Amino acid sequence: GSPEVWNNLGGVAMAQGDYRTAVTHFEKALSLNPDLVFALVNAGQAYSRLNDNSSAEKYLRRAIEIGEPDADVADQLGLILARSGRTTEAKSWFQKALALDRAHASAINNLGVLYMMTGEPNEAIAAFRYGISVAPRSERLYQNLASLYLRQGRRDRARAVLEQLLEVDPSSELAQKGLLELNRQ
């Protein structure tokens, strides 16, 4: 009868990659307490892993509606909307996540990727550069910026980004592999 226990069981199922069972457990938790924010978020994540964007969106919107403002939840909702092709709404949610946490590396990265998807490379570059300045240990930001520069034929810029990552993290395998690839081409 404890919604927290059902939520925890859902978390165990998620950790094992059994998203269908996780959903069942999260929904049981929510049947006992429909306003349990962390169960709503967890259900949204499980549905997202099952590629059920509609259900994931429903649960995350409910969590946002009744919970405290949360950058992670706003970022997750933005991702779901982007996957559904709703780029304008997705951008808005990534921006809401950043309004809550200016250094939210995932939201910054997702916003940059969204700009790439919508053919706005200058905005993507600005987003990734900003992200690197406020979250210098997030390898994805460097990786996506270097990839964008490569697509633009700006190998020198891509190399500089990967070298910058090595300055921050000399053991970065991503930077080491990227520089090796650049040297082979």
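The values are calculated or read from the model by the stated rules, or taken from the named source; none is laboratory data. All figures in this text were calculated on a predicted structure; none of them were measured in a lab. Every residue, glycine among them, receives a Cβ derived from its backbone with ideal geometry; neighbour counts consider all protein chains shown. To get the accessible areas, we keep the full protein, side chains included, count just its heavy atoms, and leave off ligands, DNA and RNA. Shrake-Rupley method; radii C 1.70, N 1.55, O 1.52, S 1.80 Å.
Key figures
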{"quantity": "Pairs with Cβ under 8 Å, 6+ apart, first in segment 86-104 and farther than 20 Å from N53 by Cβ and touching a residue at least 12 places away in the same chain (Cβ under 8 Å), second of a type in the set (V, I, T) and in a helix (DSSP H, G or I)", "calculated": "L98/I108; R102/V134; A103/V134"}
{"quantity": "Set L77, L150, L180, L100: member being open to solvent by less than 70 Å² (accessible area, probe 1.4 Å) and not polar (S, T, N, Q)", "calculated": "L77"}
{"quantity": "Test: N109 is open to solvent by less than 60 Å² (accessible area, probe 1.4 Å) and out of contact with any Pro (no Cβ under 6 Å at 6 or more places or on another chain)", "calculated": "yes"}
{"quantity": "Subset of segment 99-123 that is under 12 Å from the mean Cα position of the chain (by Cα) and among the hydrophobic types (A, V, I, L, M, F, W, C) - its residue that is nearest to E139 (Cα to Cα)", "calculated": "A105"}
{"quantity": "Subset of segment 153-177 that is of a type in the set (K, R) and assigned to a helix (DSSP H, G or I) - its residue that is most open to solvent (accessible area, probe 1.4 Å)", "calculated": "K177"}
{"quantity": "Top-ranked residue of segment 60-74 - restricted to ones that are in a helix (DSSP H, G or I) and open to solvent by 20 Å² or more (accessible area, probe 1.4 Å), ranked as farthest from N33 (Cα to Cα)", "calculated": "D72"}
